[in-house]
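In what follows, a single structure is set out as C-alpha cells and then discussed.
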C-alpha cells in the first residue's frame with residue numbers, strides 16, 4: 001500500500017508554493033500604475049495567474065497518478081474510463097492502420113493485456129492540461145479520472161471568461177479591456193479554485209484507502 005500521507009503532503013506543498021506566488025503577484029501588481037497605458041501590469045497578472053492554475057492542476061494529476069502507481073492499482077480498477085490512457089498507443093496504432101479489419105482484430109487482442117495493466121503503462125497526457133484548461137477540458141479530464149466535481153460548477157462561467165478567456169486573449173494578441181480588473185479579486189478567485197482542486201485529489205486518495 002502506498003504511503004498516502006506522502007502524497008497528501010505533496011499536494012499541500014504544491015498548493016502552498018503556488019499560493020505564495022499568487023500572493024506575490026497580488027503584492028506586486030495590486031496598485032495600478034498611472035504610467036501603464038497598455039495595461040502591462042494587468043496582462044502580467046492574467047498570464048501569471050493562469051500559469052499557476054494550469055501548473056497546479058498538472059502537479060495534482062502527477063501526484064495522484066504517482067500514488068496509484070505506487071499503490072499497484074490496475075488502471076481498470078481506478079475507473080473504467082481511465083482505460084482511455086491505457087489504450088492510447090493502441091488507438092494511435094489502429095488509426096495509423098486506417099481501422100482495417102486486421103487492425104481492429106489486433107486492437108481487440110490487446111484488450112486483455114490492457115485490462116490487467118498498471119499505471120506504469122498509462123499515458124498521462126490524456127488527463128493533463130494542454131494550454132487551455134477551461135471548464136470543458138477540466139470536466140472532461142475529471143470525468144476520465146472518475147471524480148465527482150459538481151462543487152466546481154458554480155465557478156464555471158468565471159473560470160472560462162476570466163481565468164482562461166482573458167489569458168487566451170492576452171496570449172494571442174487580442175487582449176480584453178483589463179483597465180477595471182481587480183488584481184486582488186482575480187488572484188483570490190484562482191487561489192480558491194486551487195483549494196477546491198486539491199480537495200478533489202486528496203479525497204480521491206482517501207477513497208482509494210477505504211476497503
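The values are calculated or read from the model by the stated rules, or taken from the named source; none is laboratory data. The model shown is predicted, which means the values in this text are computed figures rather than measured ones. Cβ atoms come from the backbone with ideal geometry, glycine included; neighbour counts cover every protein chain shown.
What to note about this one:
- Residue-level analysis places residue 164 outside the set of residues that are surrounded by 13 or more Cβ atoms within 10 Å (Cβ to Cβ) and in contact with a helix residue (DSSP H, G or I) (Cβ under 6 Å, 6 or more places away or on another chain).
- Members of the stretch 65-79 that are in contact (Cβ under 8 Å) with a residue 40 or more places away in the chain and assigned to a helix (DSSP H, G or I): 65, 66, 67, 68, 69, 70, 75, 76, 78
- Residue within the stretch 90-107 that is closer than 25 Å to residue 204 by Cα, exposed (fewer than 15 other Cβ atoms within 10 Å of the Cβ) and more than 17 Å from the chain's Cα centre (by Cα) present: no
- Failed criterion for residue 203 (all others in (1) on the phi < 0 side of the Ramachandran plot; (2) outside any helix (DSSP H, G or I) hold): (2)
- Checklist (1) without any contact (Cβ under 8 Å) to a residue 60 or more places away in the chain; (2) surrounded by 16 or more Cβ atoms within 10 Å (Cβ to Cβ); (3) in a helix (DSSP H, G or I) applied to residue 157, failing item: (2)
- Counting only residues that are surrounded by 19 or more Cβ atoms within 10 Å (Cβ to Cβ) and at pLDDT below 90, the stretch 179-191 holds 2 of them.
- Selection within the stretch 93-132 - free of Cβ contacts under 8 Å to residues at least 24 places away in the same chain and either assigned to a loop (DSSP other than H, G, I, E, B) or under 29 Å from residue 53 (Cβ atoms) (or both): 97, 98, 99, 100, 130
- Residue match in the stretch 166-175 (condition: in a helix (DSSP H, G or I), over 21 Å from residue 28 (Cα atoms) and modelled with pLDDT under 95): yes
- Taking the criterion of being buried (at least 17 other Cβ atoms within 10 Å of the Cβ) and part of a helix (DSSP H, G or I), the only residue of the stretch 145-154 that qualifies is 152.
- Total residues in the stretch 127-143, condition surrounded by fewer than 18 Cβ atoms within 10 Å (Cβ to Cβ) and more than 19 Å from residue 169 (Cβ to Cβ): 4
- Restricting the stretch 178-195 to residues that are assigned to a loop (DSSP other than H, G, I, E, B) and without any contact (Cβ under 8 Å) to a residue 24 or more places away in the chain, the residue that is farthest from residue 9 (Cα to Cα): 180
- Test: residue in the stretch 70-89 that is out of contact with any helix residue (DSSP H, G or I) (no Cβ under 8 Å at 6 or more places or on another chain) and modelled with pLDDT under 90: yes
- Look at the stretch 196-211: where a residue is farther than 16 Å from residue 77 by Cβ and a partner is outside any helix (DSSP H, G or I), sitting 6+ places away or on another chain with Cβ atoms under 6 Å, you get 200/147.
- Filter pass, residue 137 being assigned to a loop (DSSP other than H, G, I, E, B), closer than 30 Å to residue 49 by Cα and free of Cβ contacts under 8 Å to residues at least 60 places away in the same chain: no
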